[in-house]
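Below: the structure, in structure tokens.
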Ligand SMILES: [Zn+2]
């Protein structure tokens, strides 16, 4: 990476040159010109305009900052699991410049405007990347959904099965229908943890096969079918978070063909890890990591677009909760800082390029939450940029990550792809100065 100081009176603040700039049109040599925190122009690589600072990345790629719409920050209340400072440092170091925080695992859960204000206050002044918030839909709070939207959440999340924390109970079928009806009135988005509690069972023993057998593909598929049915009935927009079972893909494809307003995401661990290689409770999450053949089918779902994106579901806890008994261990995987190299390592081996990975990890999630100025290198967008060396490799050391707790199923794995530098709205994310902003849903209220 070569820096050059430029003309103080130049038209642009920063120009980043790379032979591999990834834009919505594809990958190629360009000079990206930044002014006042936004991408002002894309110019030929060999004719960069004058700027106050020029960075030449050579063969190191330039991607848009990733958008991770599925992060459990856990502050306030469980800040010892993860907090805004540590989570957003990990995000910036991992090339993620926008996160959207989940409404549960912090205390209070984000199920009212008052709780949203508590969370914003806790996050204030600590964020190294831009941060938005999801609200929560729980039994009895359907009257809070519109106020939450007016206060700026990007949508609301619900569970159909127990969430893992008592303060965030699941919706039953009637509760889901009611929440969707309310959301449909103002075109709100419902995001759903889809496992059918009528199909889930208690694990018969402490091993991973026992745990996996207790949370079957059928439990996921039946819950997804229920969401499809109620989204079709109410006209509301629904999104399935963290699809683990490929058995959900065919119902989702059919629903989308029928015009049901439904989308779905998956996560790095379902695409890169398999049940066969699970070696400890760091791998436990819900729904579970399944067999290799299922993983391969999820890649097909990404390739044909029924899965719109890949987001982390970063859901850490303290190490003491990751007990060896899979039935009792905390269910959640830490990967905020590792999503890009984890996905790139597998994607490149499967013949996918940087454009596809960018579509899944930046453009798709930005579109889900309606952030047209995030997730792509195009004039007018925020200058959220990531210098990514797609050829370099490293071995994961969980203790060296910015995550608050050193627990990760990727520990010891060799991954390909190194984040060299991250810019947030044109400024280097130095992990010292928190200049992240709060993002809100626009056009509401
Ligand atoms: Zn989650």
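Inside segment 1-33, residues that are within 16 Å of residue 389 (Cα to Cα) and not in a strand (DSSP E or B) make up a count of 1.
Quick check on segment 51-65. Is at least one of its residues surrounded by fewer than 23 Cβ atoms within 10 Å (Cβ to Cβ), farther than 17 Å from residue 428 by Cα and in contact with a strand residue (DSSP E or B) (Cβ under 8 Å, 6 or more places away or on another chain)? Checked against the condition, which is being surrounded by fewer than 23 Cβ atoms within 10 Å (Cβ to Cβ), farther than 17 Å from residue 428 by Cα and in contact with a strand residue (DSSP E or B) (Cβ under 8 Å, 6 or more places away or on another chain), segment 51-65 yields at least one hit.
Residue count for segment 346-357 satisfying the condition of being touching a strand residue (DSSP E or B) at 6+ places or on another chain (Cβ under 6 Å) and surrounded by fewer than 19 Cβ atoms within 10 Å (Cβ to Cβ): 1. Note on segment 388-433: residues that are modelled with pLDDT under 95 and more than 26 Å from residue 131 (Cα to Cα) amount to 0.
Residue-by-condition table, conditions (1) modelled with pLDDT under 95; (2) assigned to a loop (DSSP other than H, G, I, E, B); (3) more than 13 Å from the ligand (Cβ to nearest atom); (4) under 18 Å from residue 193 (Cα atoms):
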{"position": "242", "(1), (2), (3), (4)": "no, yes, no, yes"}
{"position": "249", "(1), (2), (3), (4)": "no, no, yes, yes"}
{"position": "253", "(1), (2), (3), (4)": "no, no, yes, no"}
{"position": "264", "(1), (2), (3), (4)": "no, no, yes, yes"}
{"position": "290", "(1), (2), (3), (4)": "no, yes, yes, yes"}
{"position": "293", "(1), (2), (3), (4)": "no, no, yes, no"}
{"position": "300", "(1), (2), (3), (4)": "no, no, yes, no"}
{"position": "317", "(1), (2), (3), (4)": "yes, yes, no, no"}
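No other residue among 168, 159, 133 is within 30 Å of residue 428 (Cβ to Cβ), in contact with a strand residue (DSSP E or B) (Cβ under 9 Å, 6 or more places away or on another chain) and within 16 Å of the ligand (Cβ to nearest atom) apart from 133. When you look at residue 95, is it within 22 Å of the chain's Cα centre (by Cα), modelled with pLDDT of 95 or more and crowded, with 23+ Cβ neighbours inside 10 Å, yes or no? When the stated conditions are applied, residue 95 passes them. Restricting attention to segment 209-225, does a residue exist that is within 16 Å of the ligand (Cβ to nearest atom), more than 21 Å from residue 134 (Cβ to Cβ) and at pLDDT 95 or above? Yes, some residue in segment 209-225 is within 16 Å of the ligand (Cβ to nearest atom), more than 21 Å from residue 134 (Cβ to Cβ) and at pLDDT 95 or above. Restricting attention to segment 319-344, the residues that are assigned to a helix (DSSP H, G or I), more than 16 Å from the ligand (Cβ to nearest atom) and touching a helix residue (DSSP H, G or I) at 6+ places or on another chain (Cβ under 7 Å) total 4.
Counting only residues that are within 15 Å of the ligand (Cβ to nearest atom) and over 15 Å from the mean Cα position of the chain (by Cα), segment 75-92 holds 3 of them. Among residues of segment 287-311 that are more than 27 Å from residue 91 (Cα to Cα), those with a beta-carbon under 7 Å from a residue that is in a loop (DSSP other than H, G, I, E, B) and at pLDDT 95 or above at least six positions away or on a different chain give the pairs 291/274; 292/274; 294/245. What do you reckon, is residue 280 surrounded by fewer than 16 Cβ atoms within 10 Å (Cβ to Cβ) and more than 16 Å from the ligand (Cβ to nearest atom)? Yes, satisfied. Scanning segment 98-116 for residues that are away from the ligand (no atom under 16 Å from the Cβ) and surrounded by 24 or more Cβ atoms within 10 Å (Cβ to Cβ) yields a single hit, 98. For segment 231-240, filtered to residues that are buried (at least 19 other Cβ atoms within 10 Å of the Cβ) and assigned to a helix (DSSP H, G or I), the residue that is farthest from the ligand (Cβ to nearest atom) is 234.
For segment 188-203, the criterion of being more than 16 Å from the ligand (Cβ to nearest atom) and in contact with a strand residue (DSSP E or B) (Cβ under 8 Å, 6 or more places away or on another chain) is satisfied by at least one residue. Only one of 421, 404 is crowded, with 18+ Cβ neighbours inside 10 Å, over 30 Å from residue 304 (Cα atoms), in contact with a helix residue (DSSP H, G or I) (Cβ under 6 Å, 6 or more places away or on another chain) and in contact (Cβ under 8 Å) with a residue 24 or more places away in the chain; which? Step by step, each of 421, 404 is checked, and only 404 is crowded, with 18+ Cβ neighbours inside 10 Å, over 30 Å from residue 304 (Cα atoms), in contact with a helix residue (DSSP H, G or I) (Cβ under 6 Å, 6 or more places away or on another chain) and in contact (Cβ under 8 Å) with a residue 24 or more places away in the chain.
The values are calculated or read from the model by the stated rules, or taken from the named source; none is laboratory data. Source: prediction; values computed, not measured. When we count neighbours, we look across all protein chains shown, and the Cβ atoms used for this are built from the backbone with ideal geometry, even at glycine.
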